[in-house]
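Asker: Before we start, here is the structure in question, set down as structure tokens.
The values are calculated or read from the model by the stated rules, or taken from the named source; none is laboratory data. Just so you know, these numbers come straight off a predicted model, no measurement behind them. Quick reminder, even Gly has a Cβ in these numbers, built from the backbone with ideal geometry, and neighbours come from all protein chains shown. Please note that ligands, DNA and RNA were not included when accessible areas were found on the heavy atoms of the full protein model with its side chains. Shrake-Rupley method; radii C 1.70, N 1.55, O 1.52, S 1.80 Å.
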Amino acid sequence: MSEEKSLNFLEEIIEKDIAAGVNNGRVHTRFPPEPNGYLHIGHASSICLNFGLAKKYNGQCNLRFDDTNPSTEETEYVDSIKADIKWLGFEWSNELYASDYFEQLYQFAVKLIEKGLAYVDDSSAEEMAEQKGDIGKPGIDSPYRSRTIAENLQLFQDMKEGKYPDGAKVLRARIDMTHPNLLLRDPIIYRIKHVHHHRTGDKWCLYPMYDFAHGQSDSIEEITHSICTLEFIHHRPLYDWFIEQLGIFPSHQYEFARRSVSYMITSKRKLLQLVNENHVTGWDDPRMPTISGMRRRGYPAAAVRQFCEMIGVAKRENLVDIGVLEFCVREQLNKTANRVMAVLDPVKVILTNYPEGQSEVLMADNNTEDENAGTRELTFGRELYIERDDFMEDAPKKFFRLAPGLSVRLKHAYIITCNEVIKDANGNITELHCTYNTESKSGNDTSGVHVKGVIHWVNAATAVPAEVRMYNRLFTVEDPANAEGDFKDHINANSMEVNHGAFVEPSLLKAQTGNQFQFMRKGYFSVDRDSTAEKLVFNQTVGLKDTFAKEMKK
RNA sequence: AGUCCGAUAGUGUAAUGGUAACACUACAGAUUUUGAUUCUGUCAUUCUAGGUUCGAACCCUGGUCGGACUACCA
């Protein structure tokens, strides 16, 4: 084993179980989403955990949809969830649904009734809340708690047969109304819902509660290590109770702290609100913390996986800096993204000593980090565009770019020197008149001139206009979920800035949706699905580290 | 108030009774035809009070602080 790396607490548990021969050393996990929303970064780490553990210990991982509440669940979500898991690079052993077990779950409930461990309750929701007691205050028994087994059996069957309206009756486990764990104070296990289910149709009007479905589903699938987030820790005694009373396979649940990421929210309810109220353009808006959003933004799946691996797993509350995710994105893209040149905020450069009407072809490597990335051709000419902020009229001494009288190298091309600044009536710079050093051609430089700065450019004659969508954090505060006031008060009004005036090199005309590039010196960008042959559209994935900008702020 | 969970550099995670470490960040420097990448270095950490022990981040007890739980949601 290459166990240089230390184990996280779940791996420790699993390795101890394997060593002790628990379940004959078998490891079987599962990822159990409810199909009522799109998967987000939090799910991504759960997916990496569950599928990763199964892979590491030669086990299996099921995909199980927890579809016990037909009121909120839809097939659209099932499809998106499957697509997201595949994109992340994982394959499930079995595609399963809690609804597959409705009949079996019903029989489990009957068995509990027969053992005198469940009863039908006619109390209203309010009455039950009243009887439940409170934290530190014991509850009291429902007046229906002592119905006979025969009566309960009959009533439960009547419920199944649709003889009662929604909410008229529920089935409850008979445990202990004074238990310090509120979840064990006779929890509801079945409720009546005359609702169409996305898979079972109108077969049922009786649906199990999550707590009566989840643990038993794990048990039915003989899941050995059922891993979930910390808030379900109080549910574990209940699952164990069902398993014991039913005498079924003993799955064990282990809880970890969900990972929060700064400037992101992962509440499905809030995410849905962002979509429905048009604060974003959809579930896959590149600003969303959803897997589909990150994919559209251009985050590589490998970066998301690396991130999940890097932040680890433990049981304490946490808020991971979003910078770690961005670091992973850059690290992956640095190795894989081809370099191209794009000028986001152009200003025209005229090379006064370059013959009019002339042009030449230059060779450029696509990625020095990847020797297999190949090369491409660039056209050079008399009129070019460079980045407006790569020029300064009054440059400080540490400014290694273009300024009157100063020289820079144009990447893959020549060294140029600025001679004259042309302005319009308002004083805005419209053109920079420069000369190029004819002996300084890239790769063939005999000029003996050394310049510190290198800037990117595009040839005005062949440049292609493009729309570039720049993104900032969706929220203005680190922890929007826990900030003062409503989370929507903290939405960043400038989270997207659309630039319609960019120019990119013509090689990008061949780019396909989803292709990722480094716009040299600017950042990583990907082709959006809105992009067409007539109009190229790019998403800013993440900027490059910019120590110069940081320096300038000081 | 009851039960449960947790507390290690700014952040995240290790160290499982024997020299507190790794990554990110920050800062400084080297290299660089991307002020990117790469490389080198620097700063900074065990909530608290007792106890057990030759020795405690780790085990025990008390305290403090933070979190979770009182849906016919999952």
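Asker: Just checking, does segment A:278-301 include any residue being part of a loop (DSSP other than H, G, I, E, B), in contact with a Leu (Cβ under 6 Å, 6 or more places away or on another chain), modelled with pLDDT of 95 or more and within 11 Å of RNA strand B (Cβ to nearest atom)?
Answerer: no
Asker: Report, by residue number, each residue of segment A:76-111 that is within 16 Å of RNA strand B (Cβ to nearest atom), open to solvent by 30 Å² or more (accessible area, probe 1.4 Å) and either of a type in the set (D, E, K, R) or in a helix (DSSP H, G or I) (or both).
Answerer: Scanning segment A:76-111 gives a single hit, A:Asp100.
Asker: Related question: Quick one: is A:Gly136 touching a residue at least 60 places away in the same chain (Cβ under 8 Å), surrounded by fewer than 17 Cβ atoms within 10 Å (Cβ to Cβ) and at positive phi?
Answerer: Here the answer is no, as A:Gly136 does not meet what is asked.
Asker: I'd like the full set of residues that are over 38 Å from the mean Cα position of the chain (by Cα) and within 11 Å of RNA strand B (Cβ to nearest atom), limited to segment A:172-184.
Answerer: Answer for segment A:172-184, where residues must be over 38 Å from the mean Cα position of the chain (by Cα) and within 11 Å of RNA strand B (Cβ to nearest atom): A:Thr178, A:His179.
Asker: Given the residues A:Ile47, A:Ile18, A:Ile13, A:Ile41, which is the only one that is surrounded by 23 or more Cβ atoms within 10 Å (Cβ to Cβ), over 21 Å from A:Asn94 (Cβ atoms) and modelled with pLDDT of 95 or more?
Answerer: So the residue among A:Ile47, A:Ile18, A:Ile13, A:Ile41 that is surrounded by 23 or more Cβ atoms within 10 Å (Cβ to Cβ), over 21 Å from A:Asn94 (Cβ atoms) and modelled with pLDDT of 95 or more is A:Ile41.
Asker: From the set of residues in segment A:185-205 that are more than 10 Å from RNA strand B (Cβ to nearest atom) and surrounded by 17 or more Cβ atoms within 10 Å (Cβ to Cβ), which is nearest to A:Gln104 (Cα to Cα)?
Answerer: Here the residue is A:Trp204.
Asker: Would you pick out the residues in segment A:22-35 that are open to solvent by less than 40 Å² (accessible area, probe 1.4 Å) and not in a helix (DSSP H, G or I)?
Answerer: Within segment A:22-35, A:Val27, A:His28, A:Thr29, A:Arg30, A:Phe31, A:Pro32, A:Pro33, A:Pro35 qualify.
Asker: Hey, another quick one. Of the residues A:Glu277, A:Glu231, which is surrounded by fewer than 15 Cβ atoms within 10 Å (Cβ to Cβ) and in the same structural domain as A:Cys61 (by TED's automatic domain parsing)?
Answerer: Exactly one of A:Glu277, A:Glu231 is surrounded by fewer than 15 Cβ atoms within 10 Å (Cβ to Cβ) and in the same structural domain as A:Cys61 (by TED's automatic domain parsing), namely A:Glu231.
Asker: Given the structure, is A:Arg236 assigned to a loop (DSSP other than H, G, I, E, B), touching a strand residue (DSSP E or B) at 6+ places or on another chain (Cβ under 6 Å) and either without any contact (Cβ under 8 Å) to a residue 24 or more places away in the chain or not assigned by TED's automatic domain parsing to the domain that holds A:Leu117 (or both)?
Answerer: no
Asker: Filter segment A:352-397 down to residues that are touching a helix residue (DSSP H, G or I) at 6+ places or on another chain (Cβ under 7 Å) and either touching a residue at least 60 places away in the same chain (Cβ under 8 Å) or open to solvent by less than 90 Å² (accessible area, probe 1.4 Å) (or both) and give me whichever is nearest to RNA strand B (Cβ to nearest atom).
Answerer: For segment A:352-397, the residue satisfying everything is A:Asp370.
Asker: OK, next. Within the bounds of segment A:270-288, is there any residue that is in contact (Cβ under 8 Å) with a residue 40 or more places away in the chain, closer than 30 Å to A:Ser6 by Cβ and not acidic (Asp, Glu)?
Answerer: no
Asker: Which condition does A:Ser45 not pass, out of (1) within 12 Å of RNA strand B (Cβ to nearest atom); (2) assigned to a loop (DSSP other than H, G, I, E, B), if it passes all the others?
Answerer: A:Ser45 satisfies all of (1) within 12 Å of RNA strand B (Cβ to nearest atom); (2) assigned to a loop (DSSP other than H, G, I, E, B) except (2).
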